[in-house]
């Protein structure tokens with residue numbers, strides 16, 4: 001993701017009822033960024049616009065973000081995550097919490113001031129990148145845990161079927177993986193599948 005202060009950004013603007021996107025568009029142009037699309041009052045189109053226009057950042061200008069808008073931002077966050085900034089005039093806590101759950105990176109209340117746009121974009125991008133790193137670390141940890149469980153199950157199969165010790169079973173799995181140029185978990189899953197295939201039906 002590019003730095004908002006360094007390289008030009010591709011920005012999708014969404015007018016969610018505040019009707020001030022022209023002000024944002026002018027400030028983005030002054031900062032050297034490119035507005036790739038302006039979506040007005042059509043939250044159903046958010047996902048398709050993000051997919052087709054591939055913006056670096058999405059900016060939503062709103063009196064108070066609508067439920068439809070937040071639902072579609074949540075769908076974008078699940079399938080095509082990117083920094084999202086919401087400008088809102090609603091100081092209530094509920095819409096802010098809903099926006100954060102939908103994956104919004106920065107939620108700015110009361111005051112669309114052009115001079116604040118650049119630092120807000122920078123904060124949103126930095127927060128998004130930090131969360132992306134954390135998500136990657138979590139997914140990696142979950143994958144490692146899942147793979148360890150598969151290896152442990154395969155070791156149990158070899159211990160029970162071939163009478164190996166746990167250490168011998170592990171070394172056997174490792175040798176199979178090295179000989180085939182595969183991951184240990186892949187070979188372990190194949191051992192489990194083969195045992196299940198040879199088992200007589202209940």
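The values are calculated or read from the model by the stated rules, or taken from the named source; none is laboratory data. Bear in mind the structure is a predicted one, so any value in this text is a computation, not a measurement. All Cβ positions, even for glycine, are placed from backbone atoms using ideal geometry, and neighbour counts span all protein chains on display.
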Set 148, 135, 116, 127: member being within 29 Å of the chain's Cα centre (by Cα) and loosely packed, with under 12 Cβ neighbours inside 10 Å: 135
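Let's see how each residue does on (1) in the same structural domain as residue 14 (by TED's automatic domain parsing); (2) surrounded by 13 or more Cβ atoms within 10 Å (Cβ to Cβ); (3) modelled with pLDDT of 90 or more:
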| residue | (1), (2), (3) |
| --- | --- |
| 97 | yes, no, yes |
| 144 | no, no, no |
| 160 | no, no, no |
| 163 | no, no, no |
| 187 | no, yes, yes |
Members of the stretch 120-162 found to be under 19 Å from residue 10 (Cβ atoms) and either outside any helix (DSSP H, G or I) or out of contact with any strand residue (DSSP E or B) (no Cβ under 9 Å at 6 or more places or on another chain) (or both), listed by number: 122, 126, 129, 132
Residue in the stretch 64-83 that is surrounded by the most Cβ atoms within 10 Å (Cβ to Cβ), counting only those that are touching a residue at least 40 places away in the same chain (Cβ under 8 Å) and out of contact with any helix residue (DSSP H, G or I) (no Cβ under 6 Å at 6 or more places or on another chain): 82
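Can you report the number of residues in the stretch 43-63 which are in contact with a strand residue (DSSP E or B) (Cβ under 9 Å, 6 or more places away or on another chain) and either surrounded by fewer than 20 Cβ atoms within 10 Å (Cβ to Cβ) or assigned to a helix (DSSP H, G or I) (or both)?
As a first pass, look at the stretch 43-63 and keep what is in contact with a strand residue (DSSP E or B) (Cβ under 9 Å, 6 or more places away or on another chain): 43, 45-46, 49-50, 52-63.
So of that shortlist, the ones also either surrounded by fewer than 20 Cβ atoms within 10 Å (Cβ to Cβ) or assigned to a helix (DSSP H, G or I) (or both) come out as 43, 45-46, 49-50, 52-54, 63.
So the answer is 9.
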Unique residue being within 23 Å of residue 110 (Cβ to Cβ) and at pLDDT below 85 when the list is 16, 3, 26, 61: 16
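I'd like to verify a number: residues in the stretch 99-113 that are assigned to a helix (DSSP H, G or I) and crowded, with 16+ Cβ neighbours inside 10 Å, how many? If you could, list the steps in order and put the result at the bottom.
As a first pass, look at the stretch 99-113 and keep what is assigned to a helix (DSSP H, G or I): 99-101.
Imposing the further condition that a residue be crowded, with 16+ Cβ neighbours inside 10 Å reduces the set to 99.
Final tally of qualifying residues: 1.
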Condition met for residue 170 (within 23 Å of residue 65 (Cα to Cα) and assigned to a helix (DSSP H, G or I)): no
